[in-house]
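Remarks on the structure that follows.
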Amino acid sequence: MPGRGPQHDRGAMFVSHHADAEMFVHRDRLLADAEEFRLARLARAARRRRRREAAVRDPVPPVADPGARPVANTGEKRRSPVRA
């Protein structure tokens with residue numbers, strides 16, 4: 001039956017040369033890497049979304065820096081030395 005063979009089936013892969021086989025292996029690796037990166041991006045987005053939702057539900061007060069100098073609250077604005 002002419003026109004019927006492995007090269008004509010949609011699901012079959014007809015490899016005519018060793019370089020073709022290497023090309024298909026390389027392509028499959030690239031597709032697998034792309035899928036892995038896509039899944040990693042989705043996981044990061046889900047983590048960010050969960051953190052954002054948790055921050056809205058339970059806001060955490062900012063932590064004071066123990067090494068920071070205390071600022072005296074004199075009630076007046078500090079002037080810039082450039083604009084003096």
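Some points to look at:
- Nearest-0.05 FRET efficiency for A43 and H17, computed from C-beta distance (R0 41 Å): 0.55
- Separation in nanometres of the label points that stand 7 Å from Cα toward Cβ, at H26 and A55: 4.3
- Lys/Arg +1, Asp/Glu -1 at C-beta; segment 17-58 dipole; positive extreme among H18, A32, L42: L42
- Given charges at beta-carbon only (K, R positive; D, E negative), |dipole| of segment 17-58 in Debye: 700
Every read-out reported here was derived from the displayed coordinates using simple, explicitly stated rules and does not represent laboratory data. Computed from a predicted model, the values in this text were never measured in an experiment. For neighbour counting, all protein chains shown are included, and Cβ atoms are generated from backbone atoms with ideal geometry for every residue, glycine included.
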